[in-house]
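Working notes, beginning with the structure itself.
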Amino acid sequence: QIRSALVFNLGVAYWALDQDETAEETLAEARQLAGMCGNHYIVCLATRFKAMILRKHGRLREAAALCRETIQAIGGSGQGERRFPVLGVIYITLGEILLKWNDLEEADRALAKGLEQNVLTSELPFQILGYFALSRVKQAQGNLAESSDALERAGALSPTAAQWVDMPT
């Protein structure tokens, strides 16, 4: 488990340095190592960062497939997804990808599920990102009240997020 965490951190470092190809390879290795030892937390985080790289390079289908594969592998075999709240990160990531595709209904469902599950974790940044994405979905659907509500929820989670919420558009 420690090795998968170390490799994940190395992948995130490459990601932060914009070394996308190396980051993608390293995160794939972290996913594999974490999967072998049953570390769902690292599997989900490595999936999130790898999907972000894929999305950045316009590989949306591959990013969505990666998210769906992770959901299926960890929680989709009748085990009950509530046992793995960290899957909320993957649903939020999938929702962001679906929003990019303008598949608003599916994005709304994925984000709602992700936010519901993620609230059971300590992953506050992902909760905030989920509310930001949900706000964009609701705005695109023409539901400005729910869009504003999602932004307010993000702002309530963190003073830093509140600064983004209060910014003029």
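The values are calculated or read from the model by the stated rules, or taken from the named source; none is laboratory data. Note that this is a predicted model, so its numbers are computed, not measured. We place every Cβ from the backbone using ideal geometry, glycine too, and count neighbours over all the protein chains shown. Just the protein is used for accessible areas: all its heavy atoms, side chains included, with ligands, DNA and RNA removed. Shrake-Rupley method; radii C 1.70, N 1.55, O 1.52, S 1.80 Å.
Points to keep in mind about this one:
- When 81, 62, 25, 29 are checked against the criterion of being at pLDDT 95 or above and either among the hydroxyl-bearing types (Ser, Thr, Tyr) or closer than 19 Å to residue 106 by Cα (or both), 62 stands alone in meeting it.
- Screening residue 67 on (1) without any contact (Cβ under 8 Å) to a residue 12 or more places away in the chain; (2) closer than 16 Å to residue 126 by Cβ shows it passes everything except condition (1).
- Restricting attention to region 1-20 and to residues that are modelled with pLDDT of 95 or more and of a type in the set (Val, Ile, Thr), the residue that is farthest from residue 48 (Cα to Cα) turns out to be 7.
- Of all residues in region 38-51, those that are free of Cβ contacts under 8 Å to residues at least 60 places away in the same chain and of a type in the set (A, V, I, L, M) have Cβ atoms under 8 Å from Cβ atoms of residues that are open to solvent by 10 Å² or more (accessible area, probe 1.4 Å) and in a loop (DSSP other than H, G, I, E, B), 6 or more apart or on another chain, in 42/1; 45/86.
- Evaluation of residue 144 against (1) touching a residue at least 40 places away in the same chain (Cβ under 8 Å); (2) over 25 Å from residue 58 (Cβ atoms); (3) hydrophobic (A, V, I, L, M, F, W, C) (one fails), failing number: (1)
- Summed over region 1-18, residues that are touching a residue at least 24 places away in the same chain (Cβ under 8 Å) and aliphatic (A, V, I, L, M) total 3.
- Any hit, region 4-22, residues being within 19 Å of residue 107 (Cα to Cα), open to solvent by 10 Å² or more (accessible area, probe 1.4 Å), out of contact with any Lys or Arg (no Cβ under 9 Å at 6 or more places or on another chain) and part of a loop (DSSP other than H, G, I, E, B): no
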